[in-house]
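Enquirer: Provided herewith is a single structure, encoded as structure tokens, for subsequent inquiry.
The values are calculated or read from the model by the stated rules, or taken from the named source; none is laboratory data. None of the values given here were measured: they were computed from a predicted structure. So basically every Cβ, Gly included, is an ideal-geometry build from the backbone, and we count neighbours across all protein chains shown. With ligands, DNA and RNA removed, areas are computed over all heavy atoms of the protein, side chains included. Shrake-Rupley method; radii C 1.70, N 1.55, O 1.52, S 1.80 Å.
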Amino acid sequence: MNRTGSFFASLLHPIVAIVVGFLAGAIAIAASGAPVLETYGEMWKGAFGSFYFFTSTLARATPIILIGLGICLAFRAGFFNMGAEGQMVLGAIAAALTALYLPGPGIVKLLGALLAGIAAGGIWSVLAAWMEVKFKIDLLISTLLMNYIATLFAGYLVTEPFKDNTGSAAMAQSMMIDKSAWLPKLFHGMTLHAGFLIAIILVIVLAFLFRRTIFGYEVNMLGQNPFFAAYGGVNRGKVMLLSMFASGALTGLAGTVEVLGAQYRYIDGALTVPSYAWTGLMATLLANSNPVGTALASILLAALQTGAMGMERNTEVPLEVSGVIQAVLILFVSAKFSYAFLKRRKERKTDGASV
Amino acid sequence: ADNSSAQPAGEQKAKKKIALVLPEKIGVNPFFQQMDEGVKKAGKDFGVDVKTIESTDQAAIEQNLRAVVAENYDLIITSSFESEDALKKVATENPDKPFTIIDTTVDLPNVRNVVFREQEAAYLVGAAAGLATKTNTVGIVVAMDIPNLKKWSVGYEEGVKATNPNAKVLVNYVGSFTDPAKAKELAILQHSQGADFINGASAVGDLGVFEAAKEKGFYTSGQDVDRTAIDPEHIVLSQLKGTDAVAYDTVKQFVEGTYKQGTYDYGLKEDGVGVTYVTRETKTPLNAFIGEDIINKVKAIKDEIVSGKRTVTNPLKQ
Amino acid sequence: MEHLFDLSLLNSTIRMVTPILLAALGGSLCARVGLFNVGLEGQILVGAFAAVLGNHMTGSVTLGVLFAIVCVLLFSLLFAYLTINLRANEIVVGIASNFLATGLTTYLLRIVFDVKGAFYDKDMQGLPQWSIPVLKNIPVLGDMISGHSPLVFLAFILVVVLQFFYFRTVTGFRLLATGESLVAAQSMGIKTRRMQYGAVLVCGIFCGLAGAQLSLGQVTMFSEGMTAGRGFIALVAMMLGQSNPLGIMGASLLFGFMDAFSIRLQGLSMPTHFTLMMPYVMTVIAMFFFKDKNLLKGKTGASGSTR
Amino acid sequence: MTVLLEMDRITKQYGTFTANDQVSFSLHEGEIHAIVGENGAGKTTLMRILYGMEQATSGTIRIRGKECQFQNPAAAIQSGIGMVHQHFMLFPSRTVAENIVIGKEPKKGIWFDRRAAAKAVNELSEKYRMSVDANKKVGDCPVGTQQRVEILKVLYNGADIIILDEPTAVLTPLEVGELLVTLKSLAAQGKSIILITHKLHEVMEVADRITVLRSGKITGTMNKADTNVEEISRLMVGRDLVGIKRRERQPGKPILQAEGLFVRGEAGKPLLDNVSFHVNSGEIVGIAGVSGNGQSELIQALTGLLPVDRGTVTLEGKNMTNNTPRSIREAGLAHIPEDRYLWGAAKNSSVKENAMMGHYRKPAFQKAGFLDHKRLNQQVSEWVKSFAVKTESIHERAQNLSGGNLQKVIVAREIGQETPFLIAAEPTRGVDIGAMEFIHQQIMQKRDKGEAVLLISSELTEIMTLSDRILVMYEGKIVGELDTQTATEEEISLLMAGGGH
Ligand SMILES: Nc1ncnc2c1ncn2[C@@H]1O[C@H](COP(=O)(O)OP(=O)(O)OP(=O)(O)O)[C@@H](O)[C@H]1O
Ligand SMILES: Nc1ncnc2c1ncn2[C@@H]1O[C@H](COP(=O)(O)OP(=O)(O)OP(=O)(O)O)[C@@H](O)[C@H]1O
Ligand SMILES: [Mg+2]
Ligand SMILES: [Mg+2]
């Protein structure tokens, strides 16, 4: 097959998958007794139907993009970082507390909080990397476990020492950050905040980093074959720790911008309940660790969520069904559908798989 | 204070639309379920369109609130502390739109607040437990160690100590709202440590506590609605919270034009919270473990609270 | 506190650990053929739901358990087809199937039982509680292992069965070989796809059992999200135990005991958050002592080629 | 002679690239049929098709006159075909016996009868006189033994047709000798053997017939008796080989000095034991030795990949002991690694990404940490051209390159470092004779420019052709130093076998 052919083939894959996914979703909708097209229409409206909904989708995508980028960086370097949740939460709590207790004008608080969030996520992540490099402790397990530790620790902080006693005091949450330290909203009356711009800038930075810089090249090679990288003079330990720090820093930043741009305080569970970390992980994997692809996949996944909310608001389809439809769509997007169709006994099999 | 509710012209043209925006999925939470039922029932009784919207997570609350404002619902009811921040923003930006928030206060002119003093009812359950225990040990299984649930656990402990200063109160946390298996094990453990009455305050975990009671033969109590019917032999009390009535009334007043802003505080006195047998009758016969005597004593305590002679600490205002 | 451990705590630990152990054993099968199954959580949840549903429909606990197995088998077939045939990324499929399980069970809870949140029927019979005649009279051990559901015993038997399967049988040998090098196994004519399917499906059976133990053994009800993260703990136990059945049992028990220990500590002055943290912290510490010897192996996988 | 196997007009296309073009090939019963050809000529591809690992675009395969189509290796094995791959297909954590019997295990009911497996393997190894330790882990066996395991595996499966893809590339001369004897005896016992190799003297020693492939096409099939090395190489390369010219040696000051290097081993025995030597500018020092006697560790110690416990490494007068690989490289070292897939390449990355390793930090290719892709592309394309690397583009995945072509990329990269010191470990492993000559010329040129080369090779001939001085390693020690002018192969072999003392 020639190059243009394989280009179309690679395009066909997600398209076929999405079509099949929507068909499966249609069955779920029909089973719940709702009109399929109308329901999908509401879903579309909920995600992109108006400027407000469109920006809401982007707002929801913001932490997912940042987490996706963080995980993508770790993957590229050959680390299976499953600790995005813990890193995000620690970033969020660090940012919230810094913004609350750092003296000085708003801008100082804001910058301090951003730095604190980045540092907290990065350090937590680098701790896992360090344990792997130094003690050969599998990063996959340690990061998974460290998620629980981080969320419980953050939960403790806002239940005991830094609890918000100003309002009803019924929630495990920090006090509200002073308005001067908020990340500005991009449009009046909409939830989209400057964190989205940060995320988009970082998408570009990362794409550029991987393509054009020494560091990006070293990260890639380290991930592809650490022995080769070491042989070629890549400072393995340093690039490892640096990339894991950056990975955690990005996920920490995800939590940070949620705090500074959306919630204005740390609320226990507000970042874990929406499964941002898992969604970000999926986005990265769907995009094969490509930064721009990760951003697009994040927006797609966020749109599925906001779309489902719209579907629930405006149709009789219950929330449970929209959950099912979401999951089904993701499953089929993930499947290499067209790939299987096209391949069919043909010779396009790649080396490893055909053997 | 409010006049947007009295619009006789509008009544003719179109049915009123009322939205209930819940901060979470209804899921295992009877509290949200009651609210949903209360609003739906009122919708039917008074001929208004009601729509319940469950939010999947914190970030969704604000979006849902904004969406229902945009879709021009006449009254928007929401609930709980999780919605506080979002409601503050949305209500400030839409000063002409009436809102109600149940279970917490948002200090804005267009928001009606409804709050409950659950600790008072918990105190009564504790008082009964303190009186009834034969082993001088009672327990409570709490879903999570979060401030809000202190209303249940602290009130309960206070009640126990009030009637039985020597009694030991065991407190364990499940760490989740949705883990009946662990809640059950915790109850079994408390029982093995001598507790003969264990209060369930672990959301759906309570069902696990009930099972443990049935298996091991101790006594227990449930939350929010009357649970005694499930297993009268072991579930001997229930702590009640009239969310459904509050939700129902809110809709009713809105339709009838008597709706007012302000803060409505429901405790024992207002009959917004209560305990079976003490403040409300139930079809289930009273278990001998509690007995008439104790109920009478607890009723007396209730009267003291109502009259203000006895105060129950609000653990959130310490 | 008088005694931080007592018999009832140990007894409860064994019960609590069972779903985790079963799922971890199932997960090890997948890991052994090179598929990292993060969908255990969802599979247990489907199992838990199906067990209650089957029991409710037929009035028989046994049929309930069988129904759970069948349903999770079907559910894991989806995982198998997507990852093996369509070569979708197994982690994405795992996560999405967790979401799907949550959605499906809550949806069906509404459709079938017309309830939200939880289904509880006080007349429903759970799994019986067995005590083994001779063993139950042994002083300490007897108390620990008495009064458990048959699935608890089965789980521990399966540890041994799986240990023999992996290291003594021909099929087990081929399965491990498939996981060690898919290419080499294929080149020797091993039907690797069949191996992978087998592993995923048997993992489904194990998760079905885990779910049934959760919803019919530990309690007798189903509630939304009642797995409460057990699938992920199973994943950790599986990795810590290096996919060895005995190791997995050790890891699960370690976790269980730490969990039990933390419950005891709740009575003391330590904040709850820290006691809840304990099992995880201890597991991290345990990793310093039980290292995965094969850790670097995966990373050398970069080398080698057929050319 | 009966024709056992026929491959008829086999064509294989990868996209627009034709790897095999109307290739027809036949194999007689009991013959050893050698296939030779340049790197990337399509030898491996043809064999992968025969073994069911790939499907031909067109063409047919017949065995004993019956048309066959192999969808997978299992089907090929069924039909009596066995293949020993260029890179071994073994399970390192499993025993020799387990590796051999997999797919056809002796069993008792459902149980794997490991004792019977060991017995069967021992019998087999006796029958074909290939000694292996059935219960040893394959990962712990030397390469030669792993090779034998691969062959025994094929024999165990009862193959009549045995394909060996460059089986000698990784063997020591001694092992090569043993293997060739084995092959002959297998043929004598009625097995038919297809042997792919780049070493024409091996071909001349064992083959009955020889097929030459060039750019995916057959350029000739002949009987050994009717041909000679020159003719074959001309058919392969399309030109005559010129041989290497050796100029008078101009040794200068020492570039690399190793002093008393010592590396502790796991079980008491040191991996490197007091190794001292030096390499002067303008000379090539060869290290001979049976693999596994410390050569790999020596390379790693010199390049900073393995810390030494004692001793010093000095490069151009600077002490580089236990420095990072990067600082050592920057101080003037280039390194062709012995295992191209482990150390030398990232197989899923592009040719370009592989070729730029070690270069990307040079001011020519980057500014302030930003890569200059234009320059890099230019440079890599140039190497691809000058080393005649067969690849569709420099963005092709390294994995898709034939083994020899990837080796050329690595050699080009390292020669291109233009450092005063080069470690060349098995620099021509798996490359064709034309390329080998070219690489030898490059190494020689380096020496003639007054740079220093340390050559490690298991090919004695390679050591003898290139080196000025020869060091012999045995059990982590240097057991002898010889001058190439005066040394004989026998002398070296004796030292290599530990017979020096
Ligand atoms: N999957 C693939 N996609 C594209 N090209 C391929 C693929 N596999 C092999 N090729 C090309 O096919 C050609 C033949 O490769 P093959 O491995 O058969 O060569 P070879 O004769 O065995 O060489 P060597 O002597 O170096 O091992 C090479 O040029 C290689 O780049
Ligand atoms: N020649 C150069 N001119 C300008 N900037 C450079 C140059 N080389 C590198 N840099 C920039 O400086 C950064 C640090 O360079 P350096 O060579 O010290 O690498 P490093 O990653 O710090 O490695 P190490 O700490 O091991 O020396 C690089 O990542 C790059 O951005
Ligand atoms: Mg530097
Ligand atoms: Mg080849």
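Enquirer: Lys/Arg Cβ at +1, Asp/Glu Cβ at -1, dipole of segment B:88-227 taken about the Cα centre: which of B:Gly130, B:Ile198, B:Pro180 is farthest positive-ward?
Expert: So the residue furthest toward the plus end is B:Gly130.
Enquirer: A further question on this structure: What's the Cα-based Rg to Rh of segment B:227-318, Rh via Kirkwood? Don't skip to the end; give the middle numbers.
Expert: Working: Rg = 16.1 Å, Rh = 15.3 Å.
Using only Cα positions, Rg/Rh for segment B:227-318 is 1.05.
Enquirer: Please compute how much accessible surface disappears when D pairs with A, both sides summed, using a 1.4 Å probe, and round it to the nearest 100 Å². Don't skip to the end; give the middle numbers.
Expert: Working: alone 22390 and 17530 Å², together 36950 Å².
Summing both sides, the interface buries roughly 3000 Å².
Enquirer: With the Cα gyration tensor of segment D:3-237 in hand, give its eigenvalues times 5 under a square root as the equivalent ellipsoid semi-axes, listed largest first in whole angstrom. Before the final figure, lay out the partial values.
Expert: On the way: eigenvalues 180, 85, 49 Å².
Square roots of five times the eigenvalues give 30, 21, 16 Å.
Enquirer: Where a Cα-Cα gap under 18 Å defines reach, which lysines qualify for B:Lys151, not counting those fewer than 8 residues away within the same chain?
Expert: Qualifying lysines at Cα under 18 Å: A:Lys163, B:Lys161, B:Lys241, B:Lys269, B:Lys302, B:Lys317.
Enquirer: Can you give me the angle between helix B:205-216 and the longest principal axis of chain B, using Cα atoms only, in degrees from 0 to 90, rounded to the nearest 10?
Expert: 20 degrees
Enquirer: In cubic angstrom, how much convex hull volume per residue do the alpha carbon atoms of segment D:391-438 span?
Expert: Cα convex hull per residue, to the nearest whole number: 88 Å³.
Enquirer: With each run of n ≥ 4 DSSP H residues scored as -39500 (n - 2.57), what mean residue ellipticity at 222 nm is computed for chain C after dividing by its residue count and rounding to the nearest 500 deg cm²/dmol? Each step should come with its number before you reach the end.
Expert: On the way: 13 runs with 208 residues, N = 307.
Helix-only estimate at 222 nm: -22500 deg cm²/dmol.
Enquirer: Percent of accessible area on the protein assembly as shown owned by carbon and sulfur, 1.4 Å probe? Spell out each step's value before the answer.
Expert: Numbers: 30660 of 53920 Å².
Using a 1.4 Å probe with all protein chains present, the protein assembly as shown comes out at 57 percent carbon and sulfur.
Enquirer: Residues of C:114-121, mean number of Cβ from any other protein chain within 10 Å of their own Cβ, rounded to a whole number? The partial results should precede the final answer.
Expert: On the way: counts 0, 1, 12, 13, 10, 1, 8, 1.
Shielding by partners across C:114-121 averages 6.
Enquirer: Oh, and also: Mind grabbing the base-10 log of I(q)/I(0) for segment A:201-267 at q = 0.12, 0.16, 0.22, 0.27 Å⁻¹? Debye formula, identical points on the C-alpha positions, no solvent, two decimal places.
Expert: -0.41, -0.63, -0.91, -1.14
Enquirer: Another question, if that's okay. Would you kindly compute the Cα radius of gyration of segment A:76-128 and its largest Cα-Cα separation (Dmax), both in Å?
Expert: Every Cα atom of segment A:76-128 included, Rg and Dmax give 12.6, 41 Å.
Enquirer: Whole-Å semi-axes of chain C's equivalent ellipsoid, largest first, each the root of 5 times a Cα gyration tensor eigenvalue?
Expert: Values: eigenvalues 198, 125, 72 Å².
One finds semi-axes of 31, 25, 19 Å for chain C.
Enquirer: Report the percentage of all Cα-Cα pairs in chain A whose separation exceeds 31 Å, rounded to a whole percent. Show your work: numbers first, answer last.
Expert: Details: 24930 of 62835 pairs.
Every Cα pair in chain A considered, those over 31 Å come to 40 percent.
Enquirer: In whole angstrom, how far apart do the alpha carbon centroids of segment C:208-257 and segment C:59-119 sit?
Expert: Cα centres, segment C:208-257 to segment C:59-119: 17 Å.
Enquirer: Stokes-Einstein D for segment D:201-301 at 20 °C, 1.002 mPa s, Kirkwood Rh over Cα pairs, in µm²/s?
Expert: Working: Rh = 18.2 Å.
In µm²/s, the coefficient rounds to 118.
Enquirer: Turning to a different aspect of this structure: Starting from the Cα of A:Lys238, draw a straight line to each of the aspartates and glutamates and keep only those under 14 Å, dropping any in the same chain fewer than 8 residues away.
Expert: Cross-link targets: A:Glu132, A:Glu218.
Enquirer: Let me understand segment C:71-124 better: what is its radius of gyration from the alpha carbons, and its Dmax, in angstrom?
Expert: Rg, Dmax (Cα atoms, Å): 14.5, 45.
Enquirer: So if I place +1 on the C-beta of Lys and Arg and -1 on the C-beta of Asp and Glu, and nothing else carries charge, what would the dipole magnitude of chain D be about its Cα centre? I want it in debye, nearest 20.
Expert: Working: 59 positive and 60 negative charges, 283 e Å.
It works out to roughly 1360 debye.
Enquirer: Just the number, please: Stokes-Einstein D of chain D in µm²/s, Kirkwood Rh from C-alpha pairs, 4 °C, 1.567 mPa s.
Expert: Values: Rh = 24.1 Å.
The estimated diffusion coefficient comes to 54 µm²/s.
Enquirer: Same structure again: Normalised by the number of residues in segment A:62-306, what is the relative contact order in percent for Cα pairs under 8 Å and 6+ residues apart?
Expert: Working: 470 pairs, mean separation 97.5, N = 245.
Answer for segment A:62-306 is 40 percent.
Enquirer: So how strong a dipole does the protein assembly as shown carry about its Cα centre when Lys and Arg Cβ are +1 and Asp and Glu Cβ are -1, to the nearest 20 debye?
Expert: On the way: 138 positive and 133 negative charges, 411 e Å.
In total the dipole reaches around 1980 debye.
Enquirer: Further question on the same structure: Cα to Cα, under 14 Å, and not fewer than 8 places away if on the same chain: which aspartates and glutamates meet these conditions relative to B:Lys299?
Expert: B:Glu120, B:Asp271, B:Glu281
Enquirer: Above 18 angstrom, tally the Cα pairs of segment D:116-196 and express them as a % of all pairs, no decimals.
Expert: Working: 1221 of 3240 pairs.
When every Cα pair of segment D:116-196 is considered, 38 percent fall beyond 18 Å.
Enquirer: Tell me: how much accessible area in total is hidden between D and C, 1.4 Å probe, Å², nearest 100? Provide the component values of the computation, followed by the final result.
Expert: Working: alone 22390 and 15760 Å², together 35330 Å².
For D against C, buried area totals roughly 2800 Å².
Enquirer: Per residue, what volume in Å³ does the Cα convex hull of chain B take up?
Expert: Values: hull volume 39.9 nm³, N = 318.
Given the Cα convex hull of chain B, per-residue volume reads 126 Å³.
Enquirer: Among B:Lys44/B:Lys283; D:Lys199/D:Lys385; D:Lys12/D:Lys217; A:Lys45/A:Lys185; B:Lys16/B:Lys44, which pairs are too far apart, with a Cα-Cα distance over 18 Å? Mind dumping the intermediate values first?
Expert: Numbers: B:Lys44/B:Lys283 27 Å; D:Lys199/D:Lys385 24 Å; D:Lys12/D:Lys217 11 Å; A:Lys45/A:Lys185 22 Å; B:Lys16/B:Lys44 12 Å.
From the list (B:Lys44/B:Lys283; D:Lys199/D:Lys385; D:Lys12/D:Lys217; A:Lys45/A:Lys185; B:Lys16/B:Lys44), the Cα-Cα distance tops 18 Å for B:Lys44/B:Lys283; D:Lys199/D:Lys385; A:Lys45/A:Lys185.
Enquirer: In peptide C:280-288, how many Cβ atoms from other protein chains are near each Cβ within 10 Å, on average? The partial results should precede the final answer.
Expert: Working: counts 8, 5, 1, 6, 9, 0, 1, 8, 4.
The mean count of partner-chain Cβ atoms within 10 Å per residue comes to 5.
Enquirer: Output the Cα-based Rg and Dmax of segment D:66-135 in Å, rounding Rg to one decimal and Dmax to a whole number.
Expert: 14.0, 40
Enquirer: Helix hunt in chain A: which complete DSSP H runs extend at least 27 Å axially by C-alpha with mean Kyte-Doolittle at least -0.5? Don't skip to the answer; put the middle values down first.
Expert: Details: long enough: A:3-31 (43 Å, 1.73); A:51-76 (35 Å, 1.41); A:106-135 (42 Å, 1.49); A:139-159 (29 Å, 1.66); A:236-258 (33 Å, 0.83); A:291-314 (34 Å, 0.70).
Sorted by number, the helices that extend far enough and score high enough are A:3-31, A:51-76, A:106-135, A:139-159, A:236-258, A:291-314.
Enquirer: Now, a different point. When the Kirkwood radius is taken over all Cα pairs of segment B:143-279, what Stokes-Einstein diffusion coefficient follows at 25 °C and 0.890 mPa s, in µm²/s? Could the numbers behind the result be given before it?
Expert: Numbers: Rh = 16.3 Å.
Estimated diffusion coefficient is 151 µm²/s.
Enquirer: From the residues A:Thr62, A:Ile201, A:Leu183, which one has its Cα farthest along the dipole of chain A in the positive direction, the dipole being from +1 and -1 charges on Cβ of Lys/Arg and Asp/Glu about the Cα centre?
Expert: A:Ile201
Enquirer: Pick out which of A:Thr143, A:Thr213, A:Thr55 has the largest mean-square fluctuation in a Gaussian network model of chain A, springs linking Cα atoms closer than 10 Å.
Expert: Result for chain A, Cα springs under 10 Å: A:Thr213 fluctuates most.
Enquirer: What residues qualify as long-range amide H neighbours of D:Ile336, i.e. H under 5 Å apart, gap of 5 or more or another chain, H built at 1.01 Å from N?
Expert: Here the answer is D:Ile423, D:Ala424, D:Ala425, since their amide H atoms fall under 5 Å of that of D:Ile336.
Enquirer: Based on the alpha-carbon gyration tensor of segment D:360-501, what equivalent-ellipsoid semi-axes (square roots of 5 times the eigenvalues) come out, in whole Å, largest first?
Expert: On the way: eigenvalues 235, 58, 35 Å².
One finds semi-axes of 34, 17, 13 Å for segment D:360-501.
Enquirer: Can I ask one more? Would you kindly find the accessible area of D:Trp111, with a 1.4 Å probe and non-protein molecules such as ligands, DNA and RNA excluded, rounding to the nearest 10 Å²?
Expert: My reading of the accessible area for D:Trp111 is about 110 Å².
Enquirer: List the relative contact order of chain B as a percent without decimals, with contacts defined as Cα pairs under 8 Å and 6+ residues apart.
Expert: Details: 679 pairs, mean separation 59.5, N = 318.
Result for chain B is 19 percent.
Enquirer: With the dipole of the protein assembly as shown worked out from charges on the C-beta (+1 for Lys and Arg, -1 for Asp and Glu) around the Cα centre, which of B:Val106, C:Met195, A:Ile15 lies farthest toward the positive end?
Expert: Projecting each Cα onto the dipole axis, the largest value belongs to A:Ile15.
Enquirer: With charges only on Cβ, +1 for K and R and -1 for D and E, what is the dipole size of segment D:3-237 about its Cα centre, in debye, rounded to 20? List each step's numbers first, then the result.
Expert: On the way: 28 positive and 27 negative charges, 140 e Å.
It comes to approximately 680 debye.
Enquirer: Just to be sure I follow: if Rg is taken over the C-alpha atoms of the protein assembly as shown and Rh is the Kirkwood radius over the same atoms, what is Rg/Rh? Before the final figure, lay out the partial values.
Expert: Details: Rg = 36.8 Å, Rh = 35.6 Å.
My calculation puts Rg/Rh at 1.03.
Enquirer: Could you tell me the accessible area of B:Arg310 in Å² (1.4 Å probe, neighbours in place), rounded to the nearest ten?
Expert: Accessible surface of B:Arg310 is approximately 60 Å².
Enquirer: Take peptide C:220-233, look around each residue's Cβ out to 10 angstrom, count Cβ atoms belonging to other protein chains, and average those counts.
Expert: Values: counts 7, 8, 3, 12, 8, 8, 11, 3, 10, 5, 3, 0, 5, 3.
Mean number of neighbouring Cβ atoms from other chains: 6.
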